[in-house]
Every structure is written in C-alpha cells, then in structure tokens.
1. Out of the residues in the stretch 446-459 meeting the condition of being open to solvent by less than 10 Å² (accessible area, probe 1.4 Å) and among the charged types (D, E, K, R), tell me which one is nearest to Lys407 (Cα to Cα).
2. Can you tell me which residues in the stretch 383-423 are surrounded by 11 or more Cβ atoms within 10 Å (Cβ to Cβ) and among the small types (Gly, Ala, Ser)?
3. When the residues of the stretch 154-186 are filtered to those that are in contact with a strand residue (DSSP E or B) (Cβ under 9 Å, 6 or more places away or on another chain) and among the basic types (Lys, Arg), which remaining residue is nearest to Leu127 (Cα to Cα)?
4. From the residues in the stretch 352-370 that are open to solvent by less than 10 Å² (accessible area, probe 1.4 Å) and more than 15 Å from Gln320 (Cβ to Cβ), which one is nearest to the chain's Cα centre (by Cα)?
5. Quick test of your reading of the structure: Phe443 fulfils all but one of (1) under 30 Å from Trp559 (Cα atoms); (2) open to solvent by 60 Å² or more (accessible area, probe 1.4 Å). Name the failing condition by number.
6. Every residue in the stretch 307-347 that is open to solvent by less than 10 Å² (accessible area, probe 1.4 Å), among the aromatic types (Phe, Trp, Tyr) and out of contact with any strand residue (DSSP E or B) (no Cβ under 9 Å at 6 or more places or on another chain), please.
7. Can you tell me which of (1) modelled with pLDDT under 85; (2) surrounded by 18 or more Cβ atoms within 10 Å (Cβ to Cβ); (3) not in a strand (DSSP E or B) is the one Phe511 doesn't meet?
8. If I ask for residues that are farther than 30 Å from Lys291 by Cβ and touching a strand residue (DSSP E or B) at 6+ places or on another chain (Cβ under 7 Å), which ones from the stretch 453-471 would you list?
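The values are calculated or read from the model by the stated rules, or taken from the named source; none is laboratory data. Everything quoted here is computed from the prediction, not taken from an experiment. Don't worry about glycine lacking a Cβ; one is built from the backbone with ideal geometry, like all the others, and counts go over all protein chains shown. The area values use the complete protein model at the heavy-atom level, side chains included, leaving out ligands, DNA and RNA. Shrake-Rupley method; radii C 1.70, N 1.55, O 1.52, S 1.80 Å.
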Amino acid sequence: MTRKSTPGAAKKGTGEKKVTPSAKATAQKTAAPRSTAATPAGRAIPKPATTRAVKAAVEQKDTAQDVGVAQPAEPAQRKSRKRVPAAVPGGDGHNPFRTHMRRNRAPEPATLVIFGATGDLARRKLLPAVFGLWQDGLLGSAFNIVGVGRQEMTDEQFKDYALAALKESKETDAIQPGSLEKFRELLYYEFGDFAGDEVYNLVGKELDRAEEAHGGRKNALFYLSTPPSLFEPISSGLGRLGLQGESEGWRRLVIEKPFGRDLDSARELNDAIHKVWDESQVYRIDHYLGKETVQNLMAIRFGNAIFEPLWNRGYVDHVQITASEDLGLEGRAGYYEEAGVVRDMLQNHLMQLFALTAMEAPAAFDADAIRDEKVKVLRAVKEIPKGRVKSVAVRGQYGAGTMDGEKVPGYRQEPNVKANSPTPTYVAVKLEVDNWRWQGVPFFLRTGKRLPKKVTEIAVVFKRPPLGIFPGGLERNVLAFRIQPDEGVNLKFSSKMPGQEMVLREVVMDFRYDAFGAQLESPYSRLLLDAMLGDATLFPREDEVDHAWQIVSGILAAWDGVSAPEFPNYTSGTWGPAAADELIGPDRRWRRL
C-alpha cells in the first residue's frame, strides 16, 4: 500500500548544511516506465535497451515463480459470498520492484472481525488500513470484514458508515474508480452484548457463511478495538463458543494497548487470555513498531559494518528517545485522566523503541530471536523503586499557552478534567542498563503533550574526541532516526568551513524515505498484514510487556494519586518543565527538534 509523504522542509537558522541523497533522481532515470495504456493518447514511452532487458528478466522470473497477486473482488450476493478477482492489478503495480517483493506476502483467504467497529480507532485507522491493503491486491478475493459492536445497526448501515469513514479519513489512499463500491460488498455487521453468548454465536455463523468463499478454510483475525475493560470478556466469549480453535483454519487475537493498567492487572489479563488462547495466537499491537524508520533502525545498525562497532559504551555518550505531541486531550479526558502519560506512552511506545535501540544482535531475523533480545535488555534495566524515582524521573502537566499563534487552555481547563487533577501529561526518565555493552551510558526517554511540534526521534549521541586540538571546541556527533514526520535518518558531524582558517562547523548528512521514490504504508497496514501472515516479529510478547511494566511500576507507585503542588509546571508550546533539563545533566542538553 502506498502512503502520502511530504518531503521535510529545510531547517532555518541552524547553520546546518544538508547533503541530500541522489537516490530519488537515479531511481527515476533507471526505473521501468509504465505501460502504454498509462500514457496520454496511447503513445508509448521509449524504453532504453537495458531497461527492457531488466524488465523482461523480472517478468520471466515472475512467470516461473508466480504465486499470484490476489485482487479486489467483484460485487457478490451475501448468500454465496463468492468473490471474483478484479481484472486490473492492485495500486502497487506502478512500482515493479515493490510489487514483485509483495507478491509473496499475500495471506491466505480470511475474515477480519473487528470488535468495536464503530469506534474511533476503527474509523480513523483500521478501516482505511484494510481498504488500502485490499485496494493494493494484498487481501484476496475471498476476504471479508465483519464489524461487531454494541450499537444496533444493519449491514447496509454499517456499509454506509464504513464508506463515509474512508472518504473522510486522512489515512485513506487515493481511491481508484469503482473501488468503494466493490469494497462495500466485503462488509457485514453484527451487534450484541459482549458479556453474553449470542453475539459470538452470530460471529460464528458469519465464519460458516464465509467458508465457501474461503475454499473450505475458516481463517479469522479477531481485532479488539475496544476499551481495555472488554479485552477479557471478548477473548473469553470467543473461547466459550470454540472460535479460538484452529481445526478449520487459523485463529488469531489482536489486542490494542494499554495491556493492563499496571503490572498486576497485566498479569491477570495474560492469565485470563491464556486460559483460552495459546500465546502463539495472541498479537499485542503497538503501531509504533509498524513505522518504517523503527524497522530501519535494525537494518542500519545490523546491516552496515560502520555502525555496529560504535554502538556501545566505548563511543556512545548517551541516547535520547523523544515522542512529542503538539495536541492536547482532543476529547479523550475520560481515558487520559485514568491513564496519564506513563501508561499512555512510556510503558509501551517508548519502551519498545528503547528495547530495539539497546538490544544485542539477534541470532536470526525472526520473531523469536528478535523478541528474545528485547527481553534481555529490558531485564538488564536498573530497577527504579519508589524511593529512587525523584532522582531519575520528572513529571509535568501543561498550562495555558500559545500554539501556532492561538491561545490554548491548560490541562486542568480541558473539558471533563478535574479542577486539581494530578495527572501528568509529560514524563522524562533516565534508564540505566546493567550489561557489558551499555554500562555507564544513560538512556533518556521523554514524551509529552502540548509540546512545540509532533515528532518522534531516536538520537544516538556520541562522545567528543578525546583531545580538542581545534579552536572553539567540538559538538558531539549524532546519529538520529526520525520516526515521524519526514521519516529518515541523519548523521551530524563536524567539517572545516571554506577559508584560510581552521574553523569547524556542524553539517548534516540527511537521508529521507522519499529518496526511494516510494511512499510509505500505514503502520496499521503493515501490522494487520503481518498478523494475517502469522508473522509476530513486530508484536510485543508476553514477557516483554511484563518487564516493561516492571520498569515503570515504581514511577506509578510514587505518582499515582499524589498531588504535584507545582502543577502546571510547563507552558503549552514549550519543551517541558525545567526539571527535565536538570535531569539530563549540565554537560548535556535535550535536542531541540
């Protein structure tokens, strides 16, 4: 699936010189042109001999190893649910290299069952992600979606609801002619009380009716896009009706965050789920792990000999991981007052980014090997008991301020927030890893709301040279992975300025993903496809979640329900409380992003 991508604007006033890769220009010169059917007035585009030879070789290989690209379906009656492949290729066909790579990733025919299908997450993220996969020809003709909710609704009403969501969503790809009408035929809806058995019985009947279209298989992916309080009732309800059994096809359960409210509740939820589901069937989703640059972190570190030898305490001074948000609550006070920033962001998103950054090289690039190494580094984090929290963690809550020239209220003035709420909206924490690679290297993690901009970044900050022979001093080299927006990687280093004197200045080598000439897919699209393929590499395992909760348990114990007299302690539109600058130390500074 393709994603919209906007090239990042050049930074102003930083004195940084950008070195832009020429990969995009090279790709445009060498890529195979589109077919004559795509050219104006049917005129063919002249093809260099080398391009024809390459394309012919690729097509010959495809013919020999063709596994078939499943295509969107023609409309079908609900009685038979037969799906007829469409006559045109998927939207990815414009890039022959991308299409060739993705043919092997088409999953078996399946039914996607979305619990909470009329909720905000399904409307904004899941439905556009599934539509994009289907439009790209990756979900097959024998695929359908069953929305399940507590709201009474007919099939036709749900179809109207889903199509309206696709038209309104910013996540939806460019819609091809006729695609919405065909996609409409894949949608069905059931409703009922999640505490009873009737709604799961109806879901079972939907799988029975899909059997003919699925070639005798009843593969099903159950996605729990619901409040956390419903995770256990739904997983147990599916088990009571035997819908977790795999005698007639694979069955998998996708669970959204937060997985538990604390360590004890997370363990209780795991125990309840494992009474019905095997751990291999459970996919705990964290959409940050579906972002392209997060995966590229492993590729750049382990795929290039120039980085891995420096990735240790001998060369790295510290690591900063930032996930800043410019928005406030956006109507989510009910959830956020209960969760706060530690549960909402630190325990899951930032802890996963930390684990990927600090882990050892896996024995193989597969789910078990990668998740084993992530668990090892989480286990090596120095404990943060309640009495140690004040020295390694800072909390904050935003006050009124100005964002993009407009005045915004403070957290306590947001609708449905308690007048003296102690809920933190900002956290900065210093993690120390007691292992051979990272001993003495601090990891600084920070996240917050109403910060100057929306940006997520991992920055590996290297030590200064041992001897300062140049006048004016030297800045530290930085290797930064930009997760969002403007996904890419940049390396900051010092270089001599032109002129007679030896004067050094920081410059930046900047790589961005738009250099590939391919747009990025949605994280939810990537993770949904992985779940249907049974690839658990990018999904946190039970022990990962458990160790992440152990790390933040002391922080929660020290802060939960305890008023912070200094709240609010940072102004909206600033980079957080002053105490965060004290946390990082006098010889270091937070990156201004």
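1. Residues of the stretch 446-459 open to solvent by less than 10 Å² (accessible area, probe 1.4 Å): 446-449, 451, 455-459.
Checking which are among the charged types (D, E, K, R) leaves us with 446, 449, 457.
Details: Arg446: 24, Lys449: 15, Glu457: 27 Å.
If we take residues in the stretch 446-459 being open to solvent by less than 10 Å² (accessible area, probe 1.4 Å) and among the charged types (D, E, K, R), then Lys449 is nearest to Lys407 (Cα to Cα).
2. Ala393, Gly396, Gly399, Ala400, Gly401, Gly410, Ser421
3. It comes out as Lys159.
4. Selected residue: Ala355.
5. Unmet for Phe443, out of (1) under 30 Å from Trp559 (Cα atoms); (2) open to solvent by 60 Å² or more (accessible area, probe 1.4 Å): (2).
6. Selection gives Tyr336 alone.
7. (3)
8. Taking the stretch 453-471 first, the residues farther than 30 Å from Lys291 by Cβ are 464-471.
Within the stretch 453-471, Phe470 is the sole residue that qualifies.
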